[in-house]
């Protein structure tokens, strides 16, 4: 029997609680039991327990008398010769008379003659990415057909693997954080409130959870100093993925706000960024691509932001203000802001504004809100069954399946928590010609719409697109979870903030206060008792017609002392015409489009731009845009 391969202790993060990955262990056990080869691609963001899982795999292999070899790429150069030498050392089969590859081949042949299966596992494989082609073209073809390989790293195997002959043999396993249920059931020596605090702080990341538990075991209480210590450790661990500090300024920028794009980075740092650097940045394991742009892992983002605030507070504030000003540029575009831009704006303001409000944007950002489809009826129906109203001693269902089908199920929005479970529902009704008659006679909405002036009715009936939205229903699965209620409204508003009017009616004081927090105004004459004779319900409206949306959003910034309407335009002595030119340049207008918009010749436009460049000390429109958006930012 060959000796059990040694394991470098530096590669193992020991967790102070026992959480097994039963599903992942079952996949590996099945692979060991069957004949033939297989390739496992185990990947996950830092601290998700990849190395710990490899140790469990080794124990399972040993139990089944399968030889297990582990090479950690952290301690080997990304060169074929270095990898082969590390593997040979694990095998304990060095031979001074033959090459490393020949010695490995001879050892494998010896295992085959003995009828022994073996596993080759490579941990921290992201450091071996440059060897991808060598593994596919040279190393794998040299192995017997019964070989089991494990590639374990922060990222999944890339597209070149998917296009190769090895693709049918690859089984991918993504490791994610633990749910509160998993953690709570496995570690019960701490008080429940401390367990919940540790899980929320760590977002379920096993490594961060282990740091939290170790601190709590020592002090049995939670304090800000512990948070800072854990953040520093997390930042150090996750940044170990970088070969140098070249990308660090970009990561710092990415920690401000929820999403990042190349243009936003360039504006915030006031210098161009190469496409190569941007692709290198977002390929890091702690970045995730979304429809709105790329974003950092939530835990790492908080840790980076905390680290930046403490090390360079003035620089952090400059970046934060620059991010707000970048969002501000979208207010003046000749288009409606989309929901992701509005959501980003609220998120940025949240760092200061929400401290005095009943919102925690960090916690609420772990939720998601999306449109329902036909397959979601099982999630919707519980909300329909539980709700009814009384009028004239009769019961009326105030929200039915038929009502939703008539409007369209896509107008139902489902709130999901971190684990993907539905925890809340909202139902929206567009205000337009096809819905207005129903809104005027239906419970809850009739109190508002029956009092519409004729001219307003005529305007709504004359257009096909919505003139606004009615937030017809807001509900959560667990009425005791105030965080779910907050998340529902917090994520809903960016979806419906448009150049129109928003109507909401609720008997619940909780939601009334939230609506008022978002500047909704009560319509006293639209108060009603449609939810029951003992449940007076207020009706609210938010009027964003006639270009009021930018002013509405700016009012939140002004509430915390940030004036987003103040730009450098007044600081350079621009003439009124030059201000017009600068404003349009920022919006991306070409010289030809500027000339057409302002009824001037292109020659005149060029003269205006020359004077503008001279007054601002810039050389081109790109530099002008960066200066006007918020001034110079230097590290």
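The values are calculated or read from the model by the stated rules, or taken from the named source; none is laboratory data. It should be emphasised that the depicted structure is a prediction, and the values quoted were computed from it without experimental measurement. Reconstructed Cβ throughout: ideal geometry from the backbone, glycine too, with neighbour counts over all protein chains shown.
Can you go through 89, 65, 60, 79 and tell me which one is on the phi > 0 side of the Ramachandran plot, modelled with pLDDT of 90 or more and in the same structural domain as residue 144 (by TED's automatic domain parsing)? Spell out how you get there, then give the answer.
On the way: 89 fails: on the phi > 0 side of the Ramachandran plot; 60 fails: on the phi > 0 side of the Ramachandran plot; 79 fails: on the phi > 0 side of the Ramachandran plot.
On inspection, the qualifying residue turns out to be 65.
Filtering the stretch 528-546 to residues that are out of contact with any strand residue (DSSP E or B) (no Cβ under 6 Å at 6 or more places or on another chain) and under 17 Å from residue 450 (Cβ atoms) leaves only 529.
What about residue 502, is it in contact with a strand residue (DSSP E or B) (Cβ under 8 Å, 6 or more places away or on another chain), touching a residue at least 24 places away in the same chain (Cβ under 8 Å), buried (at least 16 other Cβ atoms within 10 Å of the Cβ) and over 30 Å from residue 615 (Cα atoms)?
Values: in contact with a strand residue (DSSP E or B) (Cβ under 8 Å, 6 or more places away or on another chain): yes; touching a residue at least 24 places away in the same chain (Cβ under 8 Å): yes; buried (at least 16 other Cβ atoms within 10 Å of the Cβ): yes; over 30 Å from residue 615 (Cα atoms): yes.
Answer is yes for this residue.
Could you tell me which numbered condition residue 541 fails, if it satisfies all but one of (1) within 18 Å of residue 328 (Cα to Cα); (2) in contact (Cβ under 8 Å) with a residue 60 or more places away in the chain? If we test residue 541 against (1) within 18 Å of residue 328 (Cα to Cα); (2) in contact (Cβ under 8 Å) with a residue 60 or more places away in the chain, just (1) comes out false. For the criterion of being closer than 30 Å to residue 470 by Cα and either modelled with pLDDT of 85 or more or touching a helix residue (DSSP H, G or I) at 6+ places or on another chain (Cβ under 8 Å) (or both), residue 539 passes. Considering the conditions (1) loosely packed, with under 15 Cβ neighbours inside 10 Å; (2) modelled with pLDDT of 90 or more; (3) under 30 Å from residue 44 (Cα atoms), residue 106 is excluded by exactly one of them, (3). Under the condition of being over 38 Å from the mean Cα position of the chain (by Cα) and not in a helix (DSSP H, G or I), the residues counted in the stretch 605-627 number 1.
Looking at the structure I just gave you, is residue 489 within 29 Å of residue 341 (Cβ to Cβ), in contact with a helix residue (DSSP H, G or I) (Cβ under 6 Å, 6 or more places away or on another chain) and crowded, with 21+ Cβ neighbours inside 10 Å? It would help to see each step written out before you state the result.
Numbers: within 29 Å of residue 341 (Cβ to Cβ): yes; in contact with a helix residue (DSSP H, G or I) (Cβ under 6 Å, 6 or more places away or on another chain): yes; crowded, with 21+ Cβ neighbours inside 10 Å: yes.
Yes: the conditions hold for residue 489.
For residue 287, the conditions (1) modelled with pLDDT of 85 or more; (2) over 10 Å from the mean Cα position of the chain (by Cα); (3) buried (at least 16 other Cβ atoms within 10 Å of the Cβ) are fulfilled apart from (2). From the list 227, 279, 263, the lone residue that is surrounded by fewer than 18 Cβ atoms within 10 Å (Cβ to Cβ), touching a residue at least 12 places away in the same chain (Cβ under 8 Å) and part of a helix (DSSP H, G or I) is 227. For the stretch 132-158, a residue qualifies if it is in contact with a helix residue (DSSP H, G or I) (Cβ under 9 Å, 6 or more places away or on another chain) and assigned to a helix (DSSP H, G or I), and the qualifying residues are 132, 133, 134, 135, 136, 138, 139, 142. For the stretch 570-604, a residue qualifies if it is in a loop (DSSP other than H, G, I, E, B) and closer than 13 Å to residue 624 by Cβ, and the qualifying residues are 572, 574, 587, 588, 589.
Applying the set (1) part of a helix (DSSP H, G or I); (2) touching a residue at least 12 places away in the same chain (Cβ under 8 Å) to residue 122 leaves exactly one unmet item: (1).
Before we move on, is residue 550 modelled with pLDDT under 80, closer than 22 Å to residue 324 by Cβ, surrounded by 14 or more Cβ atoms within 10 Å (Cβ to Cβ) and under 28 Å from the mean Cα position of the chain (by Cα)?
Working: modelled with pLDDT under 80: yes; closer than 22 Å to residue 324 by Cβ: yes; surrounded by 14 or more Cβ atoms within 10 Å (Cβ to Cβ): yes; under 28 Å from the mean Cα position of the chain (by Cα): yes.
Considered against the rule, which asks whether it is modelled with pLDDT under 80, closer than 22 Å to residue 324 by Cβ, surrounded by 14 or more Cβ atoms within 10 Å (Cβ to Cβ) and under 28 Å from the mean Cα position of the chain (by Cα), residue 550 comes out as yes.
Of all residues in the stretch 525-549, those satisfying the criterion of being under 19 Å from residue 440 (Cβ atoms) and part of a helix (DSSP H, G or I) are 525, 526.
For (1) surrounded by 15 or more Cβ atoms within 10 Å (Cβ to Cβ); (2) touching a residue at least 24 places away in the same chain (Cβ under 8 Å), each residue gets a yes or a no:
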site	(1), (2)
448	yes, yes
459	no, no
478	no, yes
485	yes, yes
496	yes, yes
507	yes, yes
518	yes, yes
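Scanning the stretch 349-387 for residues that are modelled with pLDDT under 70, assigned to a helix (DSSP H, G or I) and within 22 Å of residue 412 (Cβ to Cβ) yields one hit, 385.
Just one of the listed residues (403, 425) is in the same structural domain as residue 506 (by TED's automatic domain parsing) and over 30 Å from residue 180 (Cα atoms), and it is 403. If you filter the stretch 59-103 down to residues that are surrounded by 15 or more Cβ atoms within 10 Å (Cβ to Cβ) and in a loop (DSSP other than H, G, I, E, B), you find that the one that is farthest from the chain's Cα centre (by Cα) is 93.
Would you mind finding the one in 437, 443 that is under 22 Å from residue 405 (Cα atoms) and part of a helix (DSSP H, G or I)?
On the way: 443 fails: part of a helix (DSSP H, G or I).
Step by step, each of 437, 443 is checked, and only 437 is under 22 Å from residue 405 (Cα atoms) and part of a helix (DSSP H, G or I).
Do we find a residue being touching a helix residue (DSSP H, G or I) at 6+ places or on another chain (Cβ under 9 Å), in a helix (DSSP H, G or I) and outside the structural domain of residue 54 (by TED's automatic domain parsing) anywhere in the stretch 184-191? Checked against the condition, which is being touching a helix residue (DSSP H, G or I) at 6+ places or on another chain (Cβ under 9 Å), in a helix (DSSP H, G or I) and outside the structural domain of residue 54 (by TED's automatic domain parsing), the stretch 184-191 yields at least one hit.
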